[in-house]
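Peer 1: Below are the structure tokens for one structure; questions will follow.
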Amino acid sequence: MTEYRIDDLAQAAGTTTRNVRGYQDRGLIPRPERRGRIAIYGDEHLSRLHVINDLLGRGFTMTHIAEFFERMEQGEDLAEVLGLRELVTAPWSRTPSETVSVEELYELLGTDDAGLLERMRASGLIEPIGDGALPEQYTITDTESIDGYVRLMANGMPLSYVLDLQEKLDEDMQRAAHTLVSAGRSAITEGRFDGWIPEVGEESEWASDFLSELRRTGRVTAHNTLYRALDRELSRQLDDYLAVARDRKHHRD
């Protein structure tokens, strides 16, 4: 079993020491083992903190989380609920990724501009490996998109323009994701209440099936809706572009 002091535990869990103490005071995590004046935490504390972080990220209140752990400690079978947690937090898609040296990344992009690299990181296209100020390696988290962007750059589009495009797409896709997931959340809580947790096998099985189908349908619908929108917008802007060209030719004549 791994042992942690409170600072190390907070760092491993991606939270703060203040939060750890607060959760401890609420009874959400067990008291640590005392060795003299030193408090020692273990894997159970880390697992609890991961669950708390996930539930908070899904919109559960501290009251809901306290009730959740209370039922677990009373021996109620909530294994299905923990299975739902894995389903909910799993990525909707896994894009091809690749680890490259910083020199290879600079060569691929044709630049070592720190500002542009930070914009790429913020959009989730690359991730530095390690905690150093100057990473020696990066993970390209979406090689398909990067390959496409490199081809656009080879045809004359500057990287800054490419990132403008990516950032606008991020905003639009975030709105679409909010629409889809919010609709699913409303369906889950229809006739129940927000923060409802399945308590019996049939409820958990239904919720699992529903979330799986939401993922499947959401991916297909989002892609096909985008393709239809692209066809419509391309046609509209092509007509507009040709109209401008005709006007310019008319004025020249």
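The values are calculated or read from the model by the stated rules, or taken from the named source; none is laboratory data. Remember, it's a predicted structure, so these values are computed and weren't measured experimentally. Every residue, glycine among them, receives a Cβ derived from its backbone with ideal geometry; neighbour counts consider all protein chains shown. Each accessible area value is taken on the protein alone, full model and side chains, heavy atoms only, with ligands, DNA and RNA left out. Shrake-Rupley method; radii C 1.70, N 1.55, O 1.52, S 1.80 Å.
Peer 1: Would you check which residues across region 148-164 are surrounded by fewer than 14 Cβ atoms within 10 Å (Cβ to Cβ) and within 27 Å of Gly218 (Cβ to Cβ) and list them?
Peer 2: Gly148, Asp164
Peer 1: Just one of (1) at pLDDT below 85; (2) open to solvent by 60 Å² or more (accessible area, probe 1.4 Å) trips up Thr179, so point out which.
Peer 2: Failing condition for Thr179: (1).
Peer 1: Which of the residues that make up region 201-239 are open to solvent by less than 80 Å² (accessible area, probe 1.4 Å) and over 21 Å from Val181 (Cβ atoms)?
Peer 2: Of everything in region 201-239, those that are open to solvent by less than 80 Å² (accessible area, probe 1.4 Å) and over 21 Å from Val181 (Cβ atoms) turn out to be Gly201, Glu233, Ser235.
Peer 1: Residues to consider are Leu87, Leu108; find the one that is open to solvent by less than 70 Å² (accessible area, probe 1.4 Å) and either at pLDDT 85 or above or more than 30 Å from Val181 (Cβ to Cβ) (or both). Show your work before the answer.
Peer 2: On the way: Leu87 fails: either at pLDDT 85 or above or more than 30 Å from Val181 (Cβ to Cβ) (or both).
Only one candidate passes the filter, namely Leu108.
Peer 1: Suppose we keep only residues that are charged (D, E, K, R) and part of a helix (DSSP H, G or I) within region 240-253. Which one would you say is surrounded by the fewest Cβ atoms within 10 Å (Cβ to Cβ)?
Peer 2: Step by step, filter region 240-253, then rank; the result is Arg252.
Peer 1: Does Glu103 fit the bill of being over 29 Å from Glu33 (Cβ atoms), open to solvent by 70 Å² or more (accessible area, probe 1.4 Å) and at pLDDT 65 or above? Steps first, answer last, please.
Peer 2: On the way: over 29 Å from Glu33 (Cβ atoms): yes; open to solvent by 70 Å² or more (accessible area, probe 1.4 Å): yes; at pLDDT 65 or above: yes.
Yes, satisfied.
Peer 1: Filter region 128-141 for residues that are open to solvent by 30 Å² or more (accessible area, probe 1.4 Å) and assigned to a loop (DSSP other than H, G, I, E, B); which is farthest from Glu107 (Cα to Cα)? Full working, then the answer.
Peer 2: Filtering region 128-141 for residues open to solvent by 30 Å² or more (accessible area, probe 1.4 Å) gives 128-134, 136-137, 139, 141.
Narrowing further to those that are assigned to a loop (DSSP other than H, G, I, E, B): 130-134, 136, 141.
Numbers: Gly130: 21, Asp131: 22, Gly132: 21, Ala133: 20, Leu134: 17, Glu136: 14, Thr141: 17 Å.
Looking at the filtered set, the residue picked out is Asp131.
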